[in-house]
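Written below as structure tokens is the structure these notes are about.
The values are calculated or read from the model by the stated rules, or taken from the named source; none is laboratory data. It should be emphasised that the depicted structure is a prediction, and the values quoted were computed from it without experimental measurement. Cβ atoms come from the backbone with ideal geometry, glycine included; neighbour counts cover every protein chain shown.
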Amino acid sequence: DVVMTQTPVSLSVAIGQPASISCKSSQSLVGTSGKTYLNWLLQRPGQSPKRLIYLVSKLDSGIPDRFSGSGSETDFTLKISRVEADDLGVYYCLQGTHFPNTFGAGTKLELK
Amino acid sequence: EVQLVESGGGLVQPGRSLKLSCAASGFTFSNYYMAWVRQAPTKGLEWVASITNSGGSTYYRDSVKGRFTISRDNAKSTLYLQMDSLRSEDTATYYCTRCYFDYWGQGVMVTVSS
């Protein structure tokens, strides 16, 4: 199975400051189609997960451009340029290239 | 508006069965792969199973293979998860999600306990 190693486990950030989360996969996430099925999701407290970014860097509809995704092969990063209160929750990376699909363990974003 | 509404959860004894349903609306169900993802209490997310848009192919995590069956009825726009031989470690909130994980249901709780 592809192991997704996500760091840090938790992140304490002041409003208006940047944040960055890393996700490393144990093997390349480039699929046979040439696409890289790496997603980022946010689960706010008490809510279902919500996808923010797909195919490494594409923002879902309605997601502010404060969020950005980058990376390739096995090394990926989610960045928030300026954290807002609404960004609180647990962030997960998820690879959809290989079965079983696998998630990172999550990064809890808290306000400082 | 895309909606996914799960049902069928509850408390069940170890070794018994339960069938979850996910009613989809707001999109052409038969065009999309679908999946079940679960989350044990206070834990992270775990993919359980996926099914192609026609239902012709299914995929499972090893720990549920042979016990769980994912299926769909495209005429009813409904996804199912038949869970047999349930174990305490299957206790979780189960989410229905449209692939590639762009829409999620509200989740349904399954508790396996004697």
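Scanning segment B:43-67 for residues that are more than 11 Å from every other protein chain (Cβ to nearest Cβ) and either touching a Phe, Trp or Tyr at 6+ places or on another chain (Cβ under 6 Å) or free of Cβ contacts under 8 Å to residues at least 24 places away in the same chain (or both) returns B:THR52, B:ASN53, B:GLY55, B:GLY56, B:GLY66, B:ARG67.
In segment A:29-48, the residue that is nearest to A:LYS112 (Cα to Cα) out of those that are exposed (fewer than 14 other Cβ atoms within 10 Å of the Cβ) and among the small types (Gly, Ala, Ser) is A:GLY46. Here the condition is being more than 14 Å from chain B (Cβ to nearest Cβ), at pLDDT below 95, more than 29 Å from B:TRP36 (Cβ to Cβ) and in contact with a Ser or Thr (Cβ under 6 Å, 6 or more places away or on another chain); of A:LYS112, A:LYS79, it holds for A:LYS112 alone. Screening the candidates B:SER77, B:SER21, B:SER30 for the property of being in contact (Cβ under 8 Å) with a residue 12 or more places away in the chain, at positive phi and more than 14 Å from chain A (Cβ to nearest Cβ) yields one hit, B:SER77.
Scan segment A:78-96 and tell me whether some residue there is farther than 19 Å from A:ALA14 by Cβ, out of contact with any helix residue (DSSP H, G or I) (no Cβ under 8 Å at 6 or more places or on another chain), surrounded by fewer than 20 Cβ atoms within 10 Å (Cβ to Cβ) and not hydrophobic (A, V, I, L, M, F, W, C). For segment A:78-96, residues farther than 19 Å from A:ALA14 by Cβ, out of contact with any helix residue (DSSP H, G or I) (no Cβ under 8 Å at 6 or more places or on another chain), surrounded by fewer than 20 Cβ atoms within 10 Å (Cβ to Cβ) and not hydrophobic (A, V, I, L, M, F, W, C): absent. Does A:GLY62 count as without any contact (Cβ under 8 Å) to a residue 12 or more places away in the chain, over 26 Å from B:LYS43 (Cβ atoms) and not in a strand (DSSP E or B)? Criteria met by A:GLY62. In the set A:GLN27, A:GLN6, A:GLN47, only one residue is outside any loop (DSSP other than H, G, I, E, B) and within 26 Å of B:TYR60 (Cα to Cα); that residue is A:GLN6. Among the residues examined, A:VAL56 qualifies as surrounded by 13 or more Cβ atoms within 10 Å (Cβ to Cβ), out of contact with any Pro (no Cβ under 9 Å at 6 or more places or on another chain) and free of Cβ contacts under 8 Å to residues at least 24 places away in the same chain.
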